[in-house]
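Here's the structure we're looking at; comments come further down.
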Amino acid sequence: MQEHAGNIVFIEDDPHIRKLVKSALEQEGFIVHEARTAREGVTEAGTRKPDLVILDLGLPDSDGKQVIAEIRSWSSVPIVILSARTQESEKVEALDAGADDYLVKPFGMPELLACMRAQLRRHARASGEGKPSGRYRLGEVVVDLPARSVTRNGEALHLTQIEYRLLATLLRDAGRVITHRQLLVAGWGPSHAEDHHYLRIYMQRLRQKLERDAAQPVHILTEIGVGYRVAEVVGG
Ligand code: CA
């Protein structure tokens, strides 16, 4: 028996996938509460106090996106989507609705476990266990959000206000995919939520300032068709 790794609510109508994932997660020490419908899922998520929710989007009684919205109305618990839907627009809608990450079926168990662990760590940091300092290290670059300072090897880097807002948005949710829309709203406000070309230009500038090689970024990663993600960072 391994120690208790976390309490999981798993919402999935396919009994085969449910069985497979449940037994793999239990072997890793997770406690798994299953739900077969959106309705059951919302009830389980509300009563089991899960550390993480795994959610299939195609459920018999309603769309998984409604489950995300429902859970987000009361909880910031990490939500990982498992879906057979491969369109980027589906991913974007689920992430905009408040999901934290998205795996496309068929997926590998190591991939799911890595994703779950990253979300559990991120959530523990964000919910103040060990008090996030607001300082982040990206290679040679140190970002201190409370002080509004960005330095590379100790030397100040100048970021514009918009660049800074975009970087802060990515860092506060390091490890999580932030959609184009979420970044546009953070950088320019809700009226610019569709101006994707602004975002491309600014992300390129940010990479030129922060990355060793902006053409091969290792810190600010592109999620094609969906958004950007800052690779997990060490508090500085
Ligand atoms: Ca399904």
Completion exercise
Every listed condition ((1) more than 30 Å from L82 (Cβ to Cβ); (2) assigned to a loop (DSSP other than H, G, I, E, B)) holds for I162 save (2)
Fill in the blank from the handout: Of the conditions (1) part of a loop (DSSP other than H, G, I, E, B); (2) within 16 Å of the ligand (Cβ to nearest atom), the single one that A147 does not satisfy is (2)
Fill in the blank from the handout: Restricted to segment 218-236 and to residues being crowded, with 19+ Cβ neighbours inside 10 Å and not hydrophobic (A, V, I, L, M, F, W, C), the residue farthest from E90 (Cα to Cα) is H219
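Every residue, every condition in (1) charged (D, E, K, R); (2) touching a residue at least 24 places away in the same chain (Cβ under 8 Å), yes or no:
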position	(1), (2)
K19	yes, no
R39	yes, no
V42	no, yes
R48	yes, yes
D63	yes, yes
Q66	no, yes
S73	no, no
Practice task
Please determine, by comparing only the residues of segment 43-72 that are open to solvent by less than 60 Å² (accessible area, probe 1.4 Å) and more than 18 Å from the chain's Cα centre (by Cα), which one is nearest to the ligand (Cβ to nearest atom).
Solution key: G58
Problem - Answer residue from segment 1-42, given it is charged (D, E, K, R) and assigned to a loop (DSSP other than H, G, I, E, B) and is farthest from the ligand (Cβ to nearest atom) among those - result: E3
Handout entry: Single residue of segment 1-21 satisfying the filter (surrounded by fewer than 20 Cβ atoms within 10 Å (Cβ to Cβ) and within 22 Å of the chain's Cα centre (by Cα)) that is farthest from A69 (Cα to Cα)
Key = A5
Fill in the blank from the handout: (1) of a type outside the set (D, E); (2) open to solvent by less than 20 Å² (accessible area, probe 1.4 Å); (3) part of a loop (DSSP other than H, G, I, E, B) all hold for L82 apart from (3)
Practice task
Considering every residue within segment 88-96, establish whether at least one is within 16 Å of the ligand (Cβ to nearest atom), assigned by the TED database to the domain that holds R117 and either among the small types (G, A, S) or touching an Asp or Glu at 6+ places or on another chain (Cβ under 7 Å) (or both).
Solution key: yes
Fill in the blank from the handout: By residue number, the members of segment 85-124 that are open to solvent by 70 Å² or more (accessible area, probe 1.4 Å) and in contact (Cβ under 8 Å) with a residue 40 or more places away in the chain are E88, R121
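The values are calculated or read from the model by the stated rules, or taken from the named source; none is laboratory data. It should be emphasised that the depicted structure is a prediction, and the values quoted were computed from it without experimental measurement. Virtual Cβ from ideal backbone geometry, glycine too; neighbours counted across all protein chains shown. With ligands, DNA and RNA removed, areas are computed over all heavy atoms of the protein, side chains included. Shrake-Rupley method; radii C 1.70, N 1.55, O 1.52, S 1.80 Å.
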